[in-house]
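Asks: Take this structure, written in C-alpha cells, and hold onto it; I'll ask about it next.
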Amino acid sequence: MTDRFLAPDATNPRYITTVDAVLAAALTAPPAGSSIAPASSQLLLYTLDGISEVLEWNNEGAAADEFACIWLAFTRWLRTTGAPVSDNVPFALDRPIDALPLMSSSAHQEASVVDILNTGQMQLLSKSSVRHVNSPSVLIWSTAFGLLPVEDYQTVTKLSSHTCALTHGDSRTVLSAMCVALLVRSMASATSDASVEFAVRELRDWLANYSNADFAAQATSVLALVDQALAARNEPLTVEHLRQKFEDARTASQMLAAALYLLLHVERTIAETSTPEDIFNEFLSDVSEIDAALTGNDQQLLYHLVAILLAAAYPTPMTAISNVSEQAHEAIDLLSANWRKQLGIA
C-alpha cells in the first residue's frame, strides 16, 4: 500500500460534517449515562481548541509550539472544570471555550491525568514520568488529530504520540493513540460513507510495516490485537467473546481492539439496510450495555470511542441520531466555526 492514509479534503462538504459528527459523538449521552460531559470528551474539545490556537498564530504570521498550546489547553480544562489546581500550574489566558457552561464541571476525571497536569511540568515523549499510565481515556482525545487535513500522515502520528505523552507515557498506549488518530484520518478522507474494514486493514498494514525501533515490540503486540478483531468480525457479538479476546478492555490497546471488533461487526449489518440510523441507535444502546458489563465501570469510554469512530465513517446518520444537549451543541458550534475559520472553509 503506497498511498497510505490520504489527507481529508477540507473543501469537501462531507469533511465539516465529519468534524461536527465526531464532536457530537464524543458528547452523546449514553442511554443510562450522566448528562454531565465526560472529562475525556471535554479533553477532545480542548485538544481541538489547542490545535486551533496554533492555527490562529500561524494565520497571523507567527509560529507556535503545538504541544505547548495543547498542554496549556489541558491546564485551562483543569481550571475550568473545577478540579483542584496546584500553584505549579502555569497561567494561560482564557479562551472562548473556557466560558461555556458545558465546561463548568465534568464526569469521571481521571486521577492520574489531574495529578500529572498539577505538577506544572510538560511531559515529553522522550522523557516521561508517567510511563506506567496505560488507561484508555487518551484514545478519546487522540481522535482529534485524525481530523487534521494535513498532507503527511506522519504529522498526525507525531502530534498524537507527543500529545499522548503529556498524560500517558506507556509505549503501547502511545502507539494506540496514534492508531485511533490514523483510523479517523482514513475514514475522514472518504468522499462518501467510509469502509471501517478498509480503515482497519490500512491500519494493520501500517502496523505490520512499522519501522520505529522504539515501538517495535508494541507494534507487534497491537498488531496481534487488531488481527484478532479482524478474525472475529463474523463471530456473534457477545461480552464473552470480547472478554476472551480483549480481557476487560482496561488498557488502551485492549480497548482499541474491542472497539474495532464492535465496529466491524456492525458494518456487516449496515451494508444490508437502507436505514442505518435505526441500526446505529440499537447498536450504540447495545455497546453501552456491553461497555458496562465488560469494563465493570460507568465511564463509558468504549461507548464513546465506538461512537466517535462510527461518526468518522458515517457522519451524516450519526449527526442525525446523536443525543446531544443544548450545552453540547453550543460547544460544537463554537469549535466547529473557529475550525472552519482557521482552515479557510466557507
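The values are calculated or read from the model by the stated rules, or taken from the named source; none is laboratory data. Since the structure is predicted, the reported quantities are computational estimates derived from the model, not experimental observations. Positions of Cβ are generated from backbone atoms using ideal geometry, with glycine treated the same way; all protein chains shown enter the neighbour counts. We work out accessible area using only protein heavy atoms, side chains counted, and drop any ligands, DNA or RNA first. Shrake-Rupley method; radii C 1.70, N 1.55, O 1.52, S 1.80 Å.
Asks: What number of residues within region 131-157 are without any contact (Cβ under 8 Å) to a residue 40 or more places away in the chain, in contact with a helix residue (DSSP H, G or I) (Cβ under 6 Å, 6 or more places away or on another chain) and part of a loop (DSSP other than H, G, I, E, B)?
Replies: Total satisfying the criteria: 0.
Asks: I'd like to check which helices (runs of 4 or more DSSP H) are fully inside region 234-339 and have at least 2 residues that are of a type in the set (D, E, K, R).
Replies: The qualifying helices (runs of 4 or more DSSP H) are 239-246, 252-270, 276-295.
Asks: Can you tell which of S126, S112, S135, S189 is open to solvent by 10 Å² or more (accessible area, probe 1.4 Å), closer than 22 Å to T11 by Cα and of a type in the set (G, A, S)? If you could, list the steps in order and put the result at the bottom.
Replies: Working: S126 fails: closer than 22 Å to T11 by Cα; S112 fails: closer than 22 Å to T11 by Cα; S135 fails: closer than 22 Å to T11 by Cα.
Going through S126, S112, S135, S189 in turn, just one is open to solvent by 10 Å² or more (accessible area, probe 1.4 Å), closer than 22 Å to T11 by Cα and of a type in the set (G, A, S): S189.
Asks: Something else about it: I need the full set of residues from region 60-73 which are touching a residue at least 60 places away in the same chain (Cβ under 8 Å) and in contact with a helix residue (DSSP H, G or I) (Cβ under 6 Å, 6 or more places away or on another chain), in order please.
Replies: Selection gives E66, F67, I70.
Listed here are the residues, each with its yes/no results for (1) open to solvent by 30 Å² or more (accessible area, probe 1.4 Å); (2) on the phi > 0 side of the Ramachandran plot; (3) among the hydrophobic types (A, V, I, L, M, F, W, C).
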{"site": "Y15", "(1), (2), (3)": "no, no, no"}
{"site": "L45", "(1), (2), (3)": "no, no, yes"}
{"site": "S52", "(1), (2), (3)": "no, no, no"}
{"site": "A62", "(1), (2), (3)": "yes, no, yes"}
{"site": "A92", "(1), (2), (3)": "no, no, yes"}
{"site": "R95", "(1), (2), (3)": "yes, no, no"}
{"site": "L102", "(1), (2), (3)": "no, no, yes"}
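Asks: Here is a further query. I'd like the full set of residues that are surrounded by fewer than 19 Cβ atoms within 10 Å (Cβ to Cβ) and part of a loop (DSSP other than H, G, I, E, B), limited to region 210-232.
Replies: Correct list: Y210, S211, N212.
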